[in-house]
1. Out of all the residues in segment 197-213, is one or more in contact with a Cys (Cβ under 9 Å, 6 or more places away or on another chain) and assigned to a helix (DSSP H, G or I)?
2. Would you kindly identify the strands (runs of 3 or more DSSP E) lying entirely within segment 86-135 that contain at least 3 residues that are modelled with pLDDT of 95 or more, crowded, with 23+ Cβ neighbours inside 10 Å and within 17 Å of the chain's Cα centre (by Cα)?
3. Could we say that Glu17 is acidic (Asp, Glu) and without any contact (Cβ under 8 Å) to a residue 24 or more places away in the chain here?
4. Can you confirm whether segment 176-191 contains a residue that is touching a helix residue (DSSP H, G or I) at 6+ places or on another chain (Cβ under 8 Å), assigned to a loop (DSSP other than H, G, I, E, B), within 21 Å of Lys2 (Cβ to Cβ) and not polar (S, T, N, Q)?
5. Residues Pro160, Pro228: which one is at pLDDT 95 or above and farther than 27 Å from Val23 by Cα?
6. Restricting to segment 184-234, give me the number of residues that are out of contact with any strand residue (DSSP E or B) (no Cβ under 9 Å at 6 or more places or on another chain) and under 21 Å from Phe168 (Cβ atoms).
7. Taking into account only those residues within segment 10-59 that are aromatic (Phe, Trp, Tyr) and either in contact with an Asp or Glu (Cβ under 7 Å, 6 or more places away or on another chain) or at pLDDT below 95 (or both), which is surrounded by the fewest Cβ atoms within 10 Å (Cβ to Cβ)?
8. Return the residues of segment 28-49 that are among the hydroxyl-bearing types (Ser, Thr, Tyr) and either closer than 24 Å to Glu94 by Cβ or assigned to a helix (DSSP H, G or I) (or both); say none if nothing qualifies.
Amino acid sequence: MKVATVQYAPKFKAPDENLRTAVSLVSQAVDAGASIIVLPELCLTGYSFMSEEDARPYAEQISDFKRASKVPSMEAFSELAFRNNVAIAWGTLEQDFGTGKLYNSQVLMTPTKHVVCRKLNQWGNDFLWASEGRESPPIMDFMGKKVGTLICRDVRDKGPKWSALKDFYEKGDADIVCFSANFGDGGFPSVSWVEFARMNRVWFIVSNRYGKEANNDFGEGGSCIVEPGGKVHCEGLKWNEPCIVYADVP
């Protein structure tokens, strides 16, 4: 199975343009033979919202997909997933259909179904607009693999306030984990990425954005794929540029 991580710099508050960019890059990965493709955290809206009121106009009701309202990203990625028999993970600003709460979320879409992961370990602007998730990241089966989800600071692999969660992952829970991140400046690859892959014995697909946005500097990027033993694949990585990195999962 070939897997891919997509890197680009989302434009703040430009969801239509960001979706076009994301669809183009995902399509390139599909054409190259990738079966699982991962995009960055909040890749359709950007990150630096200053309040709930600031963020709400850009939220999507993921839980309402295929019911009452149009959800552009879900429609686009579900069509790509169904037509090409692939799985796609991406970060999105979610508004819960029932409560109206906003979440920093990640969707994992396959040809037949999807799951939603909500970020638990908040950082920076998350505190200004996003509610905390309260459930461990979901895992689903795809092409004989157990595929998990994860968002940025949740690579800490624990629930800081929800003691019942303990660790999000243990060895054997997943074969592959899709990681959507806005990780910022620091050493590459991050020690936390390699440790997560080793501790949980998973292939860790890291999609990390780059660029500056309002009060945040996300650095030069640095997307990669980490094997369970810690080997890092970054062939094709470009600093401060859109790019796609691939690896073959046995």
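The values are calculated or read from the model by the stated rules, or taken from the named source; none is laboratory data. No experiment lies behind these values; they were computed from the predicted model shown. Because the Cβ atoms are built from the backbone with ideal geometry, glycine has one as well, and the counts that use them run over all protein chains shown.
1. no
2. Once the strands (runs of 3 or more DSSP E) in segment 86-135 are filtered for at least 3 residues that are modelled with pLDDT of 95 or more, crowded, with 23+ Cβ neighbours inside 10 Å and within 17 Å of the chain's Cα centre (by Cα), what remains is 87-95, 102-109.
3. Here the answer is yes, as Glu17 does meet what is asked.
4. no
5. Residue meeting the stated conditions: Pro228.
6. 7
7. The residue in question is Phe12.
8. Once the filter is applied, which keeps residues that are among the hydroxyl-bearing types (Ser, Thr, Tyr) and either closer than 24 Å to Glu94 by Cβ or assigned to a helix (DSSP H, G or I) (or both), segment 28-49 yields Thr45, Tyr47, Ser48.
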